[in-house]
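Remarks on the structure that follows.
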Amino acid sequence: MGSRRVVMGAGVLAVLGLAVAGPLAASATGASAATGTPSAKGVTGASSAKGVTGVEDVSAAKERLLFHFKDPRIAESSGLAVSPTRKGVIYTHNDSGAGPRFYAVGSDGRTLAAFTLAGAAARDWEAMAASVDPATGAGVLWFADIGDNLNGAWPDYSIYKVAEPTTMRDATLQATRYRFRYKDGGRNAEGIMVNPITGRLYVVSKEFSGSIYAAPAKLRTDRVNILRRVGPAPIMATDAAYAPDGSSFVIRTYFSASLYRAPGELISRVSMPSLRQAESIAYTRDGRALLTGSEGVNSPVYEVPLPASALPKRPVGTPSRSSAAPSRVAGVPEAAASNAAGRDGDGGVPAGVIALWLGVALGATAIIAFIARRAG
């Protein structure tokens, strides 16, 4: 019972955090307070301004509602990925408690098929990614069991790799499990991304001072793989994704989305539609827009065009290995990462917002401590 109360206390932290996240997100993005309602700026067109860092802030330009999930089984959509091989197919999965299962959905939001992963568990699935096997051209899907609301409660974390289904019929697919541990200690995370040029996997932590972690170039199933910090991430990141051409990547937060060429090298920030709980982000197949979604039954998925500064540098499907992004992302020195964190560690969130989050966190931590003492 004691441990259950401590977990409940952690839930208090999440609830209190979300209590301020909603209004802050609405004010940060200029969106309507109504759940899933596009902002006025999104309807009338793009607007931008230079922030204190000198980086352009771009409001959602002509954002559009793509669909609502129609399947009542999709109640906590926590990850989103666009099929790299099948036009019009989008994948999603639920948060914890729903089993190792994911769904293929059409562009109208209707479920095409449901798939179960054999050899997998779903402790706290928080993210997914899609990539292409360079040797075969076949699609690959990745599912990340990386949620840890107690920031270090689990001895290791799992990410599952599975071949993209070739037919849209309900089926069970065999998964390969990779175990991970952070070099600098356990933490909560909700974002993964795969570099389409190098194939390297990255994890983005969800913290007040977040980080990007690189997995080993070659993953091993016979031992734990070590995740090493390679750069900063915005405050409380909820998802991440690589552009299909590998020229940039995006990190989603409750407030907005930040686009990068490399860790610490911010291109711009893009405001997002107002959502009940912003959980997921992905690039469209052509790399010219972002898809973003939320938890909840019948939750919406929006498409948000990218600013010109973040559009693909070459036609998708013809990546160049001379691209600077892969080498800089994969091999950025720790010192350079620390300097980058100083330049853009909060992803452009105002200092007052950070202070408010910290105040909420401290108060909730005290509540957790009180519950733990009572439980003992």
* Got a number for residues in segment 267-284 being farther than 13 Å from Leu306 by Cβ and either crowded, with 24+ Cβ neighbours inside 10 Å or within 14 Å of the chain's Cα centre (by Cα) (or both)? -> 7
* Asked: Quick one: which of Leu259, Leu266, Leu291 is farther than 25 Å from Gly139 by Cβ, modelled with pLDDT of 95 or more, assigned to a strand (DSSP E or B) and among the hydrophobic types (A, V, I, L, M, F, W, C)?
  -> Leu266
* Within segment 188-208, identify whether any single residue is within 27 Å of Ala104 (Cβ to Cβ), at pLDDT below 95 and basic (Lys, Arg), and answer yes or no. => no
* To do: Would you confirm whether any residue within segment 321-335 is modelled with pLDDT of 50 or more and either among the small types (Gly, Ala, Ser) or crowded, with 24+ Cβ neighbours inside 10 Å (or both)?
  => no
* **Residue list for segment 84-123, filter: modelled with pLDDT under 95 and acidic (Asp, Glu)** => Asp95
* From the residues in segment 288-309 that are crowded, with 23+ Cβ neighbours inside 10 Å and out of contact with any Asp or Glu (no Cβ under 9 Å at 6 or more places or on another chain), which one is nearest to Ser248 (Cα to Cα)? -> Leu306
* Taking strands (runs of 3 or more DSSP E) that do not extend beyond segment 127-186, which have at least 3 residues that are at pLDDT 95 or above and surrounded by 17 or more Cβ atoms within 10 Å (Cβ to Cβ)? -> 127-132, 139-145, 157-163, 176-182
* Of these, Gly106, Gly79, Gly119, Gly88, which one is in the same structural domain as Tyr178 (by TED's automatic domain parsing), closer than 19 Å to Gly191 by Cα and not β-branched (Val, Ile, Thr)? -> Gly79
* Structure fact -> Per the filter on segment 109-126, residues part of a strand (DSSP E or B) and either in contact with a Phe, Trp or Tyr (Cβ under 9 Å, 6 or more places away or on another chain) or buried (at least 19 other Cβ atoms within 10 Å of the Cβ) (or both) are Thr111, Leu112, Ala113, Ala114, Phe115, Thr116, Leu117
* Asked: Of the residues that sit in segment 85-97 and are touching a strand residue (DSSP E or B) at 6+ places or on another chain (Cβ under 9 Å) and more than 18 Å from Val301 (Cα to Cα), which one is surrounded by the most Cβ atoms within 10 Å (Cβ to Cβ)?
  -> Arg86
* To do: Determine, yes or no, whether Ile226 is crowded, with 24+ Cβ neighbours inside 10 Å, in contact (Cβ under 8 Å) with a residue 24 or more places away in the chain and β-branched (Val, Ile, Thr).
  => no
* Return a yes/no flag: does segment 215-223 have any residue that is outside any loop (DSSP other than H, G, I, E, B) and either among the hydroxyl-bearing types (Ser, Thr, Tyr) or modelled with pLDDT of 95 or more (or both). => no
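The values are calculated or read from the model by the stated rules, or taken from the named source; none is laboratory data. Nothing here was measured: the structure is a model prediction, and the numbers come from that model. Cβ coordinates were reconstructed from backbone atoms using ideal geometry, including for glycine residues, and neighbour counts include every protein chain displayed.
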